[in-house]
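Here is the structure we will look at, set down as structure tokens.
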Amino acid sequence: MSNNRVNEHTYILLFLRMLAGLVSIAPPLSAKTYRVPSSYCATISQALELALDGDTIAILPGTYAETLEFPDKNLTLCALDEDDGQTARPVVLQGDFNGSIVRIDTDRPVRIHLVDITVTGGRGWGGAIYCRNGILRLTRCILRDNIGVSRGGALAGEDSLVTLVDCQVYRNRAGVGAGLYGYHCQITLANSVLRDNVTTEPVPFGSGGALAVESGSAVFMEGGLLEANHAAYTGGGIQAADSQVTILNTILAGNHAASHGGAVYARRSIVALTNCTVSDNQAPGRGSSIRAHQNTTVTLENCIFWNNQAIPQPAPSPPPLALDASSTLSAAYSVMQNGPAAVCCEQDSRLVWQEGNRDLDPLFRRPGAWCKTANVAGSRLAWQKGDYHLQPASGCIDAGNSALLHPAAAADIDGDPRILGHAVDLGADEAAGAAGDLDQNDRVDLVDLLVFGLSWLSAPDEPDWNPLCDFNGDQIINLRDWAVLAEYWRRRPAAF
């Protein structure tokens, strides 16, 4: 399928779903709230039967061993605190690994909203949630420890719009799409975390550790984290086929594929990353970070690609970005370790190396690392979480092109404003403050010198230790840090 065809399918899907939302799912004026448990609703399933279109089911904290089959109604399920009526303590939908726990499969598009709910112990096509022909929104939900029968360990969507906001998806398993799976779906993720999801089926399946989409699907991810996901074949983080993937302000770190595409594997797709940090991903084959296959287009802007490795290390080590079969990669204003040599182009593929790219250590505060303790995948080293914020002396600060910022990316991964200096920073983090500006008054002056002096020659766990003064991240405050302070002495942000 051509990229134009992917776009056509995506836009048709979006148009139909938006039209359905305008025409058929407006809630009634007299929406009602049902409490569970109560004298008239002992279970959530009973409340689903009683509720009318547009009603809310408010669930008190506790564990509910129920399988929910949603009727042809637009409904909201939310957790309530027993004391003050505010969402607070957990509501857990607990399965026994005998079918999907939440099923949405209706004749017309329905709008379902789940708020502050944990779903665990499901097993099916979509272990926790299966959604067909729905408009599903999850807010502050947790999907964990579910098993997908072939597809979608946590969630499988078909012909649906699925949105996750402030959600966590972890320790799920499936053959394809251990976290999330979409077939002809639009999946939107905002400030959500997908980690420690593992595909289990052997070659040629076992793809998409965190997320797999195909057949005209579209993914939009902003302000998130894809970390420590594992694929038994390709796409440790993301697998995309005949789809479109847009990722902003996101960290992709510590993902692993047993074959190709440690972070992303894409086939006949369009992939765009803006202000993303892609680091410490692994795959033994070509593309330890990204593998683009069969007429795939990849665009990288204001990104950081660092320390993505072919493990076990072959000789010679293949480049971390690999293109074949008429694929194209365009990179601008990004840190690319080893420069253009980081990209392998085969079979009429093409690299477009634009201005602003550089090869320098981004100086993360504490990169993640692989340790020798066996993990859930059983076939690779375990991942030790890192800190991918930029150190004050990082050359990635103010090194981006602000004109390339996506309209939806006004803030970084922490919610900080995207431009704090004279230009946008590279990667997912917008560094707060400049090197040496310890009191955040937009000037490196005597106050900063005093603060620095109080921590002189200190190290972690000592009483005078101040991590803000460790500009180069070597765990001791010494002459190297003094040199950074001196470089920025009496300079204001516009000069940084």
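Computed from the coordinates by the stated procedures, all read-outs in this text should not be read as laboratory data. Because the structure is a prediction, the values reported are computed rather than measured. Methodologically, a virtual Cβ is constructed for each residue, glycine included, from the backbone with ideal geometry; neighbour enumeration extends over all protein chains shown.
Could you give the length gained on full extension between Asp461 and Ser38, defined as 0.36 nm per residue of separation minus the Cα-Cα distance, in nm?
147.0 nm
Counting Lys +1, Arg +1, Asp -1, Glu -1, what net charge surrounds Ala210 among other residues with beta carbon under 11 Å of its beta carbon?
Around Ala210, the surrounding residues sum to -1.
Go through Asn191, Gly209, Ser326 and say which Cα lies farthest out towards the positive end of the charge dipole of the chain; charges sit on Cβ, +1 for Lys and Arg, -1 for Asp and Glu.
Value: Ser326.
Based on the mean of other Cβ atoms within 10 Å per residue, sort peptides 343-356, 57-70 so the most packed one is first.
57-70, 343-356
How far apart, in nm, are the 7 Å Cα→Cβ label points at Leu50 and Arg480?
Going from the Leu50 label point to the Arg480 one covers 6.6 nm.
Below 13 angstrom from the Cβ of Gln94, what's the summed charge of the other residues (Lys, Arg +1; Asp, Glu -1)?
Within the 13 Å Cβ shell, the charges total -1.
Given a Förster distance of 45 Å, report the FRET efficiency between His422 and Asp81 from their Cβ-Cβ distance, rounded to the nearest 0.05.
FRET efficiency, His422 to Asp81: 0.50.
Could you tally the net charge around Ala409, taking each other residue with its Cβ under 11 Å from the Cβ of Ala409, Lys/Arg +1 and Asp/Glu -1?
For residues surrounding Ala409, the net value is -3.
I'm checking a number: the convex hull volume of the Cα atoms of the chain, normalised per residue, in Å³. What is it?
Spread over its residues, the Cα hull of the chain gives 166 Å³ apiece.
Let me know the charge dipole size of the chain about its Cα centre in debye, to the nearest 20, where only the beta-carbon of Lys, Arg (+1) and Asp, Glu (-1) is charged.
1300 debye
Please report, in debye to the nearest 20, how large the charge dipole of segment 106-181 is about its Cα centre when each Lys and Arg carries +1 at its beta carbon and each Asp and Glu carries -1 there.
Charge dipole of segment 106-181: 100 debye, to the nearest 20.
Using only alpha carbons, build the gyration tensor for segment 100-149 and give me the equivalent ellipsoid semi-axes, biggest first, whole Å.
So the equivalent ellipsoid measures 18, 15, 6 Å along its semi-axes.
Grab the beta carbon distance between Asp439 and Ala382, set R0 = 25 Å, and tell me the FRET efficiency rounded to 0.05.
Taking R0 as 25 Å, the efficiency between Asp439 and Ala382 is 0.05.
For segment 180-265, what are the per-bin percents of Cα-Cα distances with bins 10 Å wide, up to the bin holding the maximum?
Reading the bins upward from 0: 22, 54, 23, 0.
Within straight cross-link reach of Lys32, meaning Cα distance under 22 Å, which lysines are found once same-chain residues fewer than 8 apart are removed?
Lys73
Would you please put 155-164, 43-52 in order of how densely packed they are, using the mean number of other Cβ atoms within 10 angstrom per residue and starting with the highest?
Taking the mean over residues of other Cβ atoms within 10 Å, the ranking is 155-164, 43-52.
How do 172-178, 187-193 rank on mean C-beta neighbours within 10 Å, highest first?
Top to bottom by mean Cβ count within 10 Å: 172-178, 187-193.
Tell me which of His293, Asn478, Val162 sits at the most positive position along the dipole axis of the chain, charges placed on C-beta atoms (Lys, Arg +1; Asp, Glu -1).
Going by the Cα projections, it comes out as His293.
How far apart, in nanometres, would the label points at Ala65 and Val352 be if each is projected 7 angstrom from Cα along the Cα-to-Cβ direction?
5.8 nm
Treating the beta-carbon of each Lys and Arg as +1 and of each Asp and Glu as -1, no other charges, what is the dipole magnitude of segment 381-456 about its Cα centre, to the nearest 20 debye?
Its charge dipole is roughly 200 debye.
Percent antiparallel among DSSP beta bridges with both residues in the chain, to the nearest 5?
That works out to approximately 5 percent antiparallel.
Enter the Cα centre distance for the pair segment 400-426 and segment 132-204, rounded to the nearest angstrom.
Rounded to whole Å, the Cα centres lie 28 Å apart.
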